[in-house]
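Since the structure comes first, as structure tokens, the remarks are kept for the end.
Any read-out appearing in this document is the output of simple, stated calculations on the displayed coordinates, not a laboratory observation. Model, not experiment: these values are computed from the prediction. FYI the Cβ positions are ideal-geometry reconstructions off the backbone, even for glycines, and counts take in every protein chain you see.
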Amino acid sequence: MNHRITLTSAVALFAASALWAGTATAEDVITLGASVQLTGTNANTGRYYRDAYQLTIDKINAAGGVKVGDKSYMLKLDLLDNQSDVNLSVRQYVQLVSADKVNFLLGPFASNFALSDSSVAEKYQIPMVQGGGASTQIYTRGYKYVFGTLPPADDYYASTIEMMGKLDPAPKTVALVAADDSFDVSVAKGTRAHLKDAGMTVAVDETYREGSSDFSSILTQVKAANVDAILWTGHETEALNFIRQMKGLNVSPTGLSAFTVGVPTADFRKALGDDANYAFGMTSWLPDASLKDKWFGDAAQFATEFTAKYNYAPDYHAASGAADVETFVEAIEKAGTLDPAKVRDAIAGIGFDSLYAHVKYGDNGQIVLPQVVVQIQKGDMVPVYTTDFINKAMYPVPAWDKR
Amino acid sequence: MVLAQILLNGILLGGLYGLMALGMALVWGVLNIVNLAHGALIMLGGYVVYYLFTLGGIDPFLALPIAMVVMFCAGFALQWGLLNLVVRSKMLNTLLITFGLDVVLTFTAQLLFSADFRTINPSYAGSNFPLFGLTVPIVRLAAFGVAVALAAALWFVLNRMPLGRAIRATAQNLVAARLYGVNPRVLYAVTFGIGTALAGAAGGLYGMISNLTPYIGASLTAKSFVIAIIGGLANPFNVILGGIFVGVAESLTALYLGPTYTDVISFGLLVVVLVLRPKRAVRAA
């Protein structure tokens, strides 16, 4: 009997304390949930999101948090490691909304992850703002709860192809090399259309399996076709292999070679050393002081703080992730409530200046931004072209043995 | 011309594939351990060469023997302290423990080395020379040469040296080997050490041709597995030939079917070998 009483009171006490703890935290905290690649093959890029989310949240909390009506809330990050496994990441998003009861969702890195994970947001009707997936496939399903701060993958090469038309001599034949995942398939599809409009011929059009490390067969065909330009899309580790093998097999197009990823990343340039020179790339963001921000001041200060805290330089992935957090703060304050549906409507109508860009989402939920064409010149990344030349492009790119 | 170049690419790459599989085949054949951590050991070998090159300033090809010694010691210790517990036990036990080892090594590597991309990039890494109108990449050719030389050395040790006789005797008949004074515990550790040293050399060469991250191991284990089956576990040269076979098959697939299908072909080959020559494969295993 005594025993039972003790047990009952212990349970009651535990329940009461749990209830008390629950109400205390639920009242003044807004939790943002995300599952990001902290380990596994995508860990290298996943860290940008982890660090950008945390830095931005800390900065906003230090400035007083989020104001909803006359009450202030602190932001909290609930971050899980999806180990670069898409299936695990979907389960983790389900866990975040159903067990952890997070208020809103931030995204993972990469289109194939965002494509699957956004379905969880849509199903549970919790808004997700993601800065890691650019594939248009994410936004063509009629989803209402998914927003993205990377510009459409279809148009990644639009500015590069426009620039190619203005170069002298303008490249006429192009080799298009793409990985077979969601993002790169979108890029390749859009690029084919842009090339056709520009009157350029696709002489080699090859798709390779995601994660491939050997490109010698593709490169041999590219060399035989003697093209003016290579437009390449895939992942950073594959870009590294591709460039190294280009040199090994002495493949150099008469004009230029351009890459969707890698070029803006410091780690990438370091790994390649001098071989990175002349490579063209693109970025939707540069750490420019002209991009004003409510919390960080401007993009340059964001980059300085980010580098000081994490010991590596942010690129567009990080800036995009920071803009996702800021989107929620702007939208929640505008909506004046934490109700997911009302915040969703607020996000759809939002328009604010941030360290990343002027954030405004299209009807499908995706931001529209131009890609800045960049080139590695003597080890530094130099912006070359947006709608007109910013700096002189080093063109045509000399052959490997003439550098 | 394109075909000839692609065949050359396949052969050169295949030699390195063969070297990757060599250590796995040796350990599998003698210790009956299908080492799922083999790819992780290749990865570690790559990092050893990377740091010897970047921090020590040692030419990567000269660093290879040093890395092999380091990896031999690591392999010896691993077998002595851990894997001797499961040697000649049920296949499931060895698979479980080596799988666990793979996870531990991979994540330790991320903690120690971070997920940054590393390339072993000596000044001559991208050099090449023309030969009958073909382009021959120097590092790939050298990697091929090292692979064949190490296979020859392994063959010599196994067939002409007392140590090799002891290794083969232990693999064939443990009791008889013991009666002749072989200490299996030491011998197993030495064998695993040799396998690990070969993996280390393969890792160093892989870092020169491709790039290193803590996560390259899994796909390399899978590739090594396929080649070890195709090449058989008995003769080092057959393993290298198996590697070349897979390398050429992948290159031709990339040319005629498209690069998307290279893995389908290499694992498809595995199935074909198992169907056509099941006895040999099973006996070898």
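So the values come out like this:
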quantity: Check: chain A dipole with +1 on Lys, Arg Cβ and -1 on Asp, Glu Cβ, in debye; calculated: 200 debye
quantity: Average beta-carbon neighbours from other chains, 10 Å sphere, peptide A:202-214; calculated: 4
quantity: Spherically averaged projected area in nm², based on the convex hull that wraps the Cα atoms of the range B:22-101; calculated: 5.3 nm²
quantity: DSSP bridge pairs, chain A: antiparallel proportion in percent, nearest 5; calculated: 35 percent
quantity: Residue-averaged beta-carbon neighbours from other chains (10 angstrom radius) around B:119-126; calculated: 4
quantity: Where N is the number of residues in the range B:97-189, Cα Rg divided by 2.2 N^0.38 Å; calculated: 1.70
quantity: Value of Rg/Rh across chain B [Cα atoms, Kirkwood radius]; calculated: 0.97
quantity: Per-peptide average of other Cβ atoms within 10 Å, ordering A:352-360, A:48-56, B:4-12 highest first; calculated: A:48-56, B:4-12, A:352-360
quantity: From the C-alpha gyration tensor of the protein assembly as shown, square roots of 5λ in Å; calculated: 46, 36, 20
quantity: Mean Cβ neighbour count within 10 Å, used as a protection proxy, ranking A:275-283, B:157-165 highest first; calculated: A:275-283, B:157-165
quantity: Listed residue (A:319, B:46, B:210) projecting farthest to the positive dipole end of the protein assembly as shown, Cβ model; calculated: B:46
quantity: Dipole moment magnitude, nearest 20 debye, the protein assembly as shown about Cα centre, only Lys, Arg, Asp, Glu C-beta charged; calculated: 2760 debye
quantity: Expected 222 nm ellipticity per residue - DSSP helices of 4 or more, -39500 (n - 2.57), all of chain B, to 500; calculated: -25500 deg cm²/dmol
quantity: Calculated on alpha-carbon atoms, Rg and Dmax of the range A:249-322 in Å; calculated: 14.9, 50
quantity: Set of lysines near residue B:223 by C-alpha distance (under 24 Å), chain-local residues within fewer than 8 positions excluded; calculated: B:90, B:279
quantity: Cα centre as origin, Lys/Arg/Asp/Glu Cβ charges: the range A:322-369 dipole, Debye; calculated: 80 debye
quantity: Long pairs among A:196/A:360; A:166/A:196; A:270/A:292; A:166/A:378; A:67/A:334, criterion Cα-Cα beyond 20 Å; calculated: A:196/A:360; A:270/A:292; A:166/A:378
quantity: In Hz, Karplus ³J(HN,Hα) per residue of the range A:176-191 (6.51, -1.76, 1.60; θ = phi - 60°; x = Gly, Pro); calculated: 10, 10, 9, 6, 9, 9, 3, 4, 6, 5, 4, 4, 4, 4, x, 5
quantity: Angstrom value of the Kirkwood radius, inverse mean 1/r, which spans all Cα pairs in the range B:1-53; calculated: 13.0 Å
quantity: For the range A:151-276: rounded, prolate or oblate by the Cα gyration tensor [a/c cutoff 1.5]; calculated: rounded
quantity: DSSP beta bridges in the protein assembly as shown [antiparallel fraction, %, rounded to 5]; calculated: 40 percent
quantity: For the range A:65-168, with +1 on Lys and Arg beta carbons and -1 on Asp and Glu, the positive-most of A:66, A:140, A:159 along the dipole; calculated: A:66
quantity: Calculated diffusion of the range A:305-403, Stokes-Einstein form, Kirkwood radius summed over Cα pairs, 37 °C and 0.692 mPa s, µm²/s; calculated: 198 µm²/s
quantity: Residue mean of other protein chain beta carbons inside 10 Å, A:370-379; calculated: 0
quantity: Using θ = phi - 60° and Karplus 6.51 cos²θ - 1.76 cosθ + 1.60, couplings along the range A:73-81 (whole Hz; Gly, Pro as x); calculated: 10, 8, 8, 9, 9, 10, 10, 10, 9
quantity: Using distinct alpha-carbon pairs, which all enter the 1/r mean, Kirkwood radius of the range A:118-171 in Å; calculated: 13.0 Å
quantity: Dipole axis of the range A:245-403 (+1 Lys, Arg; -1 Asp, Glu on Cβ), positive-most option in A:368, A:300, A:400; calculated: A:400
quantity: Whole-number Å³ per residue for the convex hull built on Cα positions in chain A; calculated: 151 Å³
quantity: Computed Rg/Rh of the range B:1-140, alpha carbon atoms with Kirkwood Rh; calculated: 1.04
quantity: Global form of the range B:121-271, assessed from the alpha-carbon gyration tensor, a/c cut-off 1.5; calculated: prolate
quantity: Whether the range B:141-201 is rounded, prolate or oblate, judged on the alpha carbon gyration tensor where a/c under 1.5 counts as rounded; calculated: prolate
quantity: Theoretical gain in end-to-end length, residue A:61 to residue A:338 [0.36 nm per residue, Cα-Cα removed]; calculated: 98.0 nm
